[in-house]
Amino acid sequence: MFWVGFPKNQNVSWFSCFPSFEKKSWKKMKSESLRTLKSVDAPPRRGTSLQPWHVESPKKAPNEAKHNKPASGNSSVDVTNDNAPIEDMSSKIFGAHTFTFRELAAATKNFRQECLLGEGGFGRVYKGKLGKTGQVVAVKKLDRNGLQGNKEFLVEVLMLSLLHHPNLVNLTGYCADGDQRLLVYEYMPLGSLEDHLLDLSEGQQPLDWYTRMKIALHAAKGLEYLHEKANPPVIYRDLKSSNILLDHDFNAKLSDFGLAKLGPMGNSSHVSTRVMGTYGYCAPEYQRTGQLTAKSDVYSFGVVLLELITGRRAIDIRRENREQTLVSWAEPVFKEPHRFTELADPLFEGKFPLKGLNQAVAVASMCLQNDAMIRPLMSDVVTALTFLGDGRESTGLASPEPEIIMPDIAKSNSCKLDPSQREIEIAEAMEWASSRN
């Protein structure tokens, strides 16, 4: 790679002059619920069957968990017991409504095929309408054969109940009647990014440049919240185009937190875990070692951003061998900025800003560094992508300059910058990737 001068520290900013984001605590988080969530980080028990790759990621979590005490009172519920009465937890999970199986069956017309939105290894997702409120929702009916036990379901519901951000899909509630396990989410009418980027039907209009960059920015903001504003931080672990959902205005939200993990705390630099996720999106160091950090998500974001730029899948076995893996195909171009236009999706038909393309490719390449320590923080990615929304009127193509020299921003000594100065510095740093002003 051709990038130089980046600080080799997982916890510092992409730019050495920018301090790390100070994490803010959730005001409403209860310590007992947090104690249960920490069980996500426990390693699997011996004898557990490991499944390293999943095209559609099932809802799984490691097989050890701690006792979770209720917010009030002296009783406790053992979530380590697969046969524990999960209904006893309903009053302990704040922010999540409990539904009966009958309510959700009625909402989805008894889970008819006409209501089916999608399916995968986790089960099926149906469109439903709640009888009491008339709210349209998405109901995920988990495959009973795919569940490991009550504790994994509880941890997922707790995780989703505690995370709230405009770019994360909201959990409306859940159902735990008998052996039925269902999750109820807000309905996203336009489906997934994959539907509009990689699975175009005949006559379907491709996404234009600015809509794609809007989606990229929203996904980045969702990750920024998980990594830098949630306390403790959360590692998403399964970012991909099919997990980015769109509302009627193409506002993007991250969905499917079945593989999410609490990030490292204290002096730990990473979380050790079995390798899960989707092939083509996982960071190389995570595949090799199982050591998970927030920078693993940054790599996955780089793959998604590259998909948005190119219109190609992360893995496409229909292409020639050298082009089947998107990152491997794009890496030679990253080293030659004058070739950046070769990465542009042909469906753009030349209608994109050259400066914006060059900057987007630069951001993607930063995120896809093999060395995790020199990948940017998501907060800096958000700031950089914000600038790509500027200059909408500039859509013409021009030949880029043959050589672009990146400023050695790592040598900057101005470490105490206010937010406006920080944005200026990032804007100037991004200029190196543009061929013209």
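Ranked highest first by the average count of other Cβ atoms within 10 Å around their residues, in what order do 185-196, 318-329 fall?
The densest-packed peptide leads the list: 185-196, 318-329.
Starting with the highest mean, order 227-234, 371-378 by the number of other Cβ atoms within 10 Å, averaged over the residues of each peptide.
Packing order, densest peptide first, comes out as 371-378, 227-234.
Going through the cross-link list 221/335; 229/295; 214/351, which pairs have a Cα-Cα distance over 26 Å in this structure?
221/335
Check which residues have an amide H placed less than 5 Å from residue 137's amide H, if you skip close sequence neighbours.
HN-HN under 5 Å from residue 137: 128, 129, 130.
For segment 301-341, rounded, prolate or oblate, judged on the Cα gyration tensor with a ≥ b ≥ c (square roots of eigenvalues), a/c < 1.5 rounded, else prolate if a/b > b/c?
Oblate, since a/c reaches 1.5 and b/c is not below a/b.
Grab the eigenvalues of the alpha-carbon gyration tensor for segment 169-254, scale each by 5, take roots, and send me the semi-axes largest first in whole angstrom.
26, 20, 10
Which whole number in µm²/s is D for segment 279-325 by Stokes-Einstein, with the Kirkwood Rh taken over Cα pairs at 25 °C and 0.890 mPa s?
215
Express the Stokes-Einstein translational diffusion coefficient of segment 308-376 in µm² s⁻¹, to the nearest whole number, given a Kirkwood radius over alpha-carbon pairs, 4 °C and a viscosity of 1.567 mPa s.
101
Where a number appears in this text, it was derived from the coordinates with a stated rule and is not lab data. Since the structure is predicted, the reported quantities are computational estimates derived from the model, not experimental observations. When we count neighbours, we look across all protein chains shown, and the Cβ atoms used for this are built from the backbone with ideal geometry, even at glycine.
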